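Values in this text are rule-based calculations from the coordinates and carry no lab data. Model, not experiment: these values are computed from the prediction. Virtual Cβ from ideal backbone geometry, glycine too; neighbours counted across all protein chains shown.
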Amino acid sequence: MQVLQVQLEVGADPAEVGRARRWARSRLAGSGIEVDEPVAETLILLISELVTNAVVHTGCPAVLRMRLPEVPDAAPGTVRVEVADRSARPPRQRHAEGDDTNGRGLELVDGLADRWGWQPEGGGKSIWCEVDRCEAGVAAVTFDGASYDDTDAGADVAYEAV
């Protein structure tokens, strides 16, 4: 199965989170994952959390990447989301209490994603998660967890068939 990698540069402004969600919805629909599918809403929530964490906790621009099945009929597979930022500080999963207004982001990622983690990337890091899009009884295609080289860091969107 071929996959399509797309990416979006995200500015350090929290308003960029909404732009990242809109961009991701259009890319999901373009890969055959309709906005009314539960997996689409899960992915949008994960993207929102990871981009928010990158922008708020680092104060630096970030790069959002998605790896999508390149099949218009939306065959089962795995969607991978990565958010790379310039901070080398590892992510820290916190546990929010009662009325706390933040501290739940990575708990949500942990609860919603099938897999997630982080890895050093250049002078910063990349936090990634994967969501399996499967039919009952069908195994998902997974990725190797490696970091992907950003060959065109200046572009808003880069397409790469893998």
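Sorted from largest to smallest, which semi-axis lengths in Å does the alpha carbon gyration tensor of region 16-64 give for its equivalent ellipsoid, taking the root of 5 times each eigenvalue?
Semi-axis lengths for region 16-64 are 22, 10, 7 Å.
How much length would be gained if the chain were fully extended between D13 and S87, taking 0.36 nm per residue of separation minus their Cα-Cα distance, in nm to one decimal?
Values: separation 74, 0.36 × 74 = 26.64 nm, distance 1.58 nm.
Residue separation times 0.36 nm, minus the Cα-Cα distance, leaves 25.1 nm.
Measuring from label point to label point, each 7 Å out along Cα→Cβ, what is the E41 to Q119 span in nm?
3.2 nm
Whole-Hz ³J(HN,Hα) for each residue in region 41-50, computed from phi via Karplus 6.51 cos²θ - 1.76 cosθ + 1.60 with θ = phi - 60°, x for glycine and proline: what do you get?
Once rounded to whole Hz, the list reads 5, 4, 5, 5, 5, 4, 4, 4, 5, 5.
Roughly how many nanometres apart are two label points built 7 Å out from the Cα toward the Cβ at L108 and C60?
If labels sit at L108 and C60, their model points lie 2.4 nm apart.
If you put +1 on each Lys and Arg Cβ and -1 on each Asp and Glu Cβ, how big is the dipole of region 23-92 around its Cα centre, in Debye rounded to 20?
Numbers: 8 positive and 9 negative charges, 105 e Å.
The dipole of region 23-92 has a size of about 500 debye.
Amide H neighbours of R115 under 5 Å, counting only residues 5+ apart in sequence or on other chains, H built in-plane at 1.01 Å?
E130
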